[in-house]
Structures are given as structure tokens and as C-alpha cells.
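S.K.: One structure, as C-alpha cells, below. Some questions next.
The values are calculated or read from the model by the stated rules, or taken from the named source; none is laboratory data. Please read these numbers as outputs of a predicted model, since none were measured by experiment. With ideal geometry, Cβ positions are generated from the backbone for all residues, glycine too; neighbour counts draw on all protein chains shown. The accessibility values were calculated without ligands, DNA or RNA, using every heavy atom of the protein model including side chains. Shrake-Rupley method; radii C 1.70, N 1.55, O 1.52, S 1.80 Å.
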Amino acid sequence: MISPLPSSPPRRASWWRAALLASATWLLPAPSDAADAATPLRQTACSFTGMIDELRAALKSGSPAYRKYARERLKAAARVMPADELRAAVQDERDPDTLEALGMALASKSSFTEDATLVQPLLARASGDADPKARAAAIRGLRGTGSVDLMTKNGGVVTYEQLIRDGAPEVRQAVVDNLIHESAKVYFGHERTVSEAAVSAALASKDPQAAAKLLSEVSMEAVGHDTVERLRQQLRSDDPALRGAAATALGGVPGAESSAMRNALVSLYRDEKDPTVRKAALQGLVRLGMGGARSTLESLRGVAPGMDPEIDAWQSALKLGLQEWHLLLREKERLRR
């Protein structure tokens, strides 16, 4: 974010130079591997409409590198372009790929200017466009931003909990991808509101696969007690995919919840019949206790003899003393193979 326009002349001049450079990035030479594009791109007069036309051409026939370049230069230039033009472009665009790129530029400008209201046309299309491809594209346009916060600042009229109820699978997938990306890449797993939005979306979904993916892959390290209890209730779900995903998620809850969740996962393992769910329960137990989980694992040996090799793999991995969860999980999978 930038601070308001500085009052001192030297800093004002610096700010304008940066702004002009950003707005002119679309005139820079394309990367060399853009030459394989089926339709060569022409330089046109410096106008927003011209930039969108060239973006559309790049997305249609350019190389992957050139498509990325076209999207990024639009995002940079959008920061200093009139907001009304960009909002109107988002409202009117019919090509899903171009809409997604315009949405990213609008969301970037919203973050840059700290004006959450700028994304309202994007939210409107995400929730109300007649074309499911356009709805999905509008949702993808929010990726890489603090989209949960943007939705809240716009009154919570459009939320991921609402969007994941969409009947189109591509729209539900866009919701899942956004939340996973936002948790991992924007907040690095530390943002409670994003994690809790993911849980709310998962539990509102009628798509068990989408719900399971959210619960399994979004960080739960910062969620509150009420959300932990909502996850625990899913251990009794009729759907084994949701039971397993909830078990995986409960392995990552805050330390203050670990004792109660350990007991819940032990009970799940003992009562469960589905081996995939039992495997998820073991993973959750290990993540909760790390090296301290070894005695708990031994207490479960023989409960389901077919799962004992899984327990053996965890025990062997734990003996290595690894402190990073992703390293421990990777080593366990290697041993199990």
C-alpha cells in the first residue's frame, strides 16, 4: 500500500514518476518467447481500451509467458488508471479469460488504494452473472488478494459460503482454489478469518469433494474454539470423505484444543470402519502430538490389524526427530511406499 500523496515536492515528483512508469508498462517489449503467438500483437496508442484489446488477443493466441506478461502489465497499469473505466470494463466483459484478468487488475487496484468498494462489480458478477464460466472467472479474479476481508468490507452481501452453493462445478472449484491460495500464499496459514471462512464454506457446500478439499488443505492453526467444535461434529458425518477431511483438519488446530481433539481422534480410529478415515485419524494424531504421539500410536496397534503398517511408517518417521510437519509427512509417505 502507499501513503497519501506526499506534500514535499521531491517526494511528489518521485510518486508521479512511479505512477507513470506503472501506467506505461504495457508499452514495454514483450518477452522473447512471445514470438510463437499465432497472432502477433501490435503496439497501439496508449489507451485503456487498446490495452484490453491486446490483452484479449494475448490470452487467445499468445504463449503462456506472454499471457502472464499481459496480465501482469495490466495489473500494474490499472493502479493509476481511472477506476470508473476499469469497473465498467469488468461489468461489460464477456470473455471469461479476459474478465478474470480484468478482475485481478481491479482487485489489485482496490488493495493498492485501500478502497474495498472498487470490487463491487466483480462481486456482483461472481454471484449473479447468468454464465457460470463468467461467475467462476470473476471469483478467480479475486485470487491473490485478501478477498475474505474485501467481502466483509463490502457488507458481507457476497461470501464464499454463498458462492460455494452454486450449482456449477467450475464455480465451486474457483471458491476452493481461492480459499486455499489465500490461506497459504497471502496469509501463510496465520489468518483466522480466512480459515474460518473456509470451514463455513465447506460446511455449507453440497459438494462433498469440495468440502473435503477445503478442510484438508486450509490451515487451521488460528481458528477459534467454536470452529474447532464445528469440525469435530463432522467426525460423525455420514460421508467418509468429510469424516476423513475433518480428522485431517483437527490435526492442525491450536495447541489449546489438542488434548480434547486427541481424544476425539482416538475414538474415531477405534470406532471407524473405513481405512481411509482411519489413516486420516492417525495423521491428525501425529500432527497434534508430533514426537509425543508415539505412545498414542502404540495404544492403537492391533485395533485394525490392516492399519498397523501405517502405524509402523509413522513410528519410523517420528524416530528421525524431524520438527517440520511437511518434512515429517514427506518422510512418512516415503517409508510407507
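S.K.: Check MET104, MET151 and return the single one that is within 17 Å of ALA197 (Cβ to Cβ) and in a helix (DSSP H, G or I).
M.R.: Within the list MET104, MET151, the selection yields MET151.
S.K.: So, one more: Looking at LEU142, LEU74 in this structure, which one is outside any helix (DSSP H, G or I) and open to solvent by less than 10 Å² (accessible area, probe 1.4 Å)?
M.R.: Answer to the check: LEU142.
S.K.: Name the residue, out of VAL218, VAL176, VAL228, that is crowded, with 19+ Cβ neighbours inside 10 Å and over 25 Å from ARG262 (Cβ atoms).
M.R.: VAL176
S.K.: Here's a follow-up. For segment 124-154, which positions are β-branched (Val, Ile, Thr) and either over 12 Å from SER110 (Cα atoms) or in contact with a Pro (Cβ under 8 Å, 6 or more places away or on another chain) (or both)?
M.R.: ILE139, VAL148, THR152
S.K.: Condition first: open to solvent by 40 Å² or more (accessible area, probe 1.4 Å), outside any helix (DSSP H, G or I) and out of contact with any Pro (no Cβ under 9 Å at 6 or more places or on another chain). Now tell me which residues in segment 274-311 satisfy that.
M.R.: Residues satisfying the conditions are ARG301, GLY302, VAL303.
Residue-by-condition table, conditions (1) among the hydroxyl-bearing types (Ser, Thr, Tyr); (2) farther than 25 Å from PHE188 by Cα; (3) touching a residue at least 24 places away in the same chain (Cβ under 8 Å):
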residue: ALA249; (1), (2), (3): no, no, yes
residue: LYS273; (1), (2), (3): no, yes, no
residue: ALA281; (1), (2), (3): no, no, yes
residue: THR296; (1), (2), (3): yes, yes, yes
residue: LEU300; (1), (2), (3): no, yes, yes
residue: MET307; (1), (2), (3): no, yes, yes
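S.K.: Of everything in segment 56-68, what is buried (at least 18 other Cβ atoms within 10 Å of the Cβ) and under 18 Å from GLY141 (Cβ atoms)? Give them in sequence order.
M.R.: ALA58, LEU59, ARG67
Residue by residue, here is whether (1) assigned to a helix (DSSP H, G or I); (2) aliphatic (A, V, I, L, M); (3) within 19 Å of TYR160 (Cα to Cα) holds:
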| site | (1), (2), (3) |
| --- | --- |
| ALA212 | yes, yes, yes |
| MET220 | no, yes, yes |
| VAL223 | no, yes, yes |
| THR227 | yes, no, yes |
| LEU231 | yes, yes, yes |
| ASP238 | no, no, no |
| LEU242 | yes, yes, yes |
| ALA247 | yes, yes, no |
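S.K.: Checking SER111 against (1) touching a residue at least 60 places away in the same chain (Cβ under 8 Å); (2) part of a loop (DSSP other than H, G, I, E, B); (3) not aromatic (Phe, Trp, Tyr), which test does it fail?
M.R.: (2)
S.K.: Hey, does segment 127-134 have a residue that's buried (at least 22 other Cβ atoms within 10 Å of the Cβ) and either of a type in the set (Asp, Glu) or in contact (Cβ under 8 Å) with a residue 12 or more places away in the chain (or both)?
M.R.: So far as segment 127-134 goes, no, none of its residues is buried (at least 22 other Cβ atoms within 10 Å of the Cβ) and either of a type in the set (Asp, Glu) or in contact (Cβ under 8 Å) with a residue 12 or more places away in the chain (or both).
S.K.: Quick one: how many residues across segment 116-126 are open to solvent by 10 Å² or more (accessible area, probe 1.4 Å) and among the small types (Gly, Ala, Ser)?
M.R.: Result for segment 116-126: 2.
S.K.: A follow-up question, please. Under 6 Å by Cβ, and 6 or more places apart or on different chains, what pairs join a residue from segment 76-93 that is over 15 Å from LEU55 (Cβ atoms) with one that is hydrophobic (A, V, I, L, M, F, W, C)?
M.R.: Pairs found: ARG79/ALA22; ARG79/PHE112; VAL80/ALA19; VAL80/ALA22; ALA83/LEU118.
S.K.: State whether one or more residues within segment 102-124 are touching a helix residue (DSSP H, G or I) at 6+ places or on another chain (Cβ under 7 Å) and under 25 Å from ALA249 (Cα atoms).
M.R.: no
S.K.: Okay, next question. Considering each of ALA184, ALA197 in turn, give the residue that is of a type in the set (A, V, I, L, M), touching a Ser or Thr at 6+ places or on another chain (Cβ under 9 Å) and within 17 Å of THR248 (Cα to Cα).
M.R.: ALA184
S.K.: Looking at ALA313, ALA260, ALA317, can you tell me which residue is out of contact with any helix residue (DSSP H, G or I) (no Cβ under 6 Å at 6 or more places or on another chain) and at pLDDT 95 or above?
M.R.: On inspection, the qualifying residue turns out to be ALA260.
S.K.: Next question, about the same structure. Keeping to segment 98-115, report how many residues are of a type in the set (S, T, N, Q) and under 16 Å from ALA70 (Cβ atoms).
M.R.: Count: 2.
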